[in-house]
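The values are calculated or read from the model by the stated rules, or taken from the named source; none is laboratory data. Model, not experiment: these values are computed from the prediction. Here Cβ is always computed from backbone atoms with ideal geometry, including for glycine, and neighbour counts include all displayed protein chains.
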Amino acid sequence: MTSSIGAIVGYSVCTGNFVLPFVAVVGGILALQLMKRRVEDVLEDESIYRISEKASRRVLEIFGIGSALAGVTLIVLGKHQEVGYALAFSACIIILLYMIFYAYYSMRSLD
């Protein structure tokens, strides 16, 4: 389903048709919702959530450290400073978002 929507969007962009991608995305969302309603079995359990949490945290750590280092390196070298600032600020925003959600979920679990 997703790959066919991607193909339709790609074809539409190449041909300059901007109505077809909208129709394809909305139709795909509706089709996926209809398919989800038919499923009655449990598809996820606690282990899947734990694996997802660990993977998300690792991606956050790697991207945060990598983008911060790459940003500072580009800024110090004086090459592509705009990209360096963008990477550094994105690392700061991701860390700030992490802290906000961490505080929210830690307070929520105490109630």
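Values computed for the structure shown
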{"item": "Sole residue being within 28 Å of residue 94 (Cα to Cα), modelled with pLDDT of 85 or more and exposed (fewer than 11 other Cβ atoms within 10 Å of the Cβ), chosen from 48, 62, 75", "result": "62"}
{"item": "Unique residue being outside the structural domain of residue 93 (by TED's automatic domain parsing) and in contact with a helix residue (DSSP H, G or I) (Cβ under 7 Å, 6 or more places away or on another chain) when the list is 10, 64, 28", "result": "28"}
{"item": "Residues being surrounded by 10 or more Cβ atoms within 10 Å (Cβ to Cβ) and under 21 Å from the mean Cα position of the chain (by Cα) - total across the range 31-45", "result": "1"}
{"item": "Residues being of a type outside the set (A, V, I, L, M, F, W, C) and in contact (Cβ under 8 Å) with a residue 12 or more places away in the chain - total across the range 40-83", "result": "3"}
{"item": "Members of the range 89-108 found to be out of contact with any Leu (no Cβ under 8 Å at 6 or more places or on another chain) and closer than 11 Å to residue 64 by Cβ, listed by number", "result": "90, 91, 92, 93, 95, 96, 97"}
{"item": "Any chance residue 70 is closer than 19 Å to residue 93 by Cα and either among the β-branched types (Val, Ile, Thr) or part of a helix (DSSP H, G or I) (or both)", "result": "yes"}
{"item": "Qualifying positions in the range 24-45 - at pLDDT 85 or above and either among the small types (Gly, Ala, Ser) or closer than 30 Å to residue 95 by Cα (or both)", "result": "24, 27, 28, 31"}
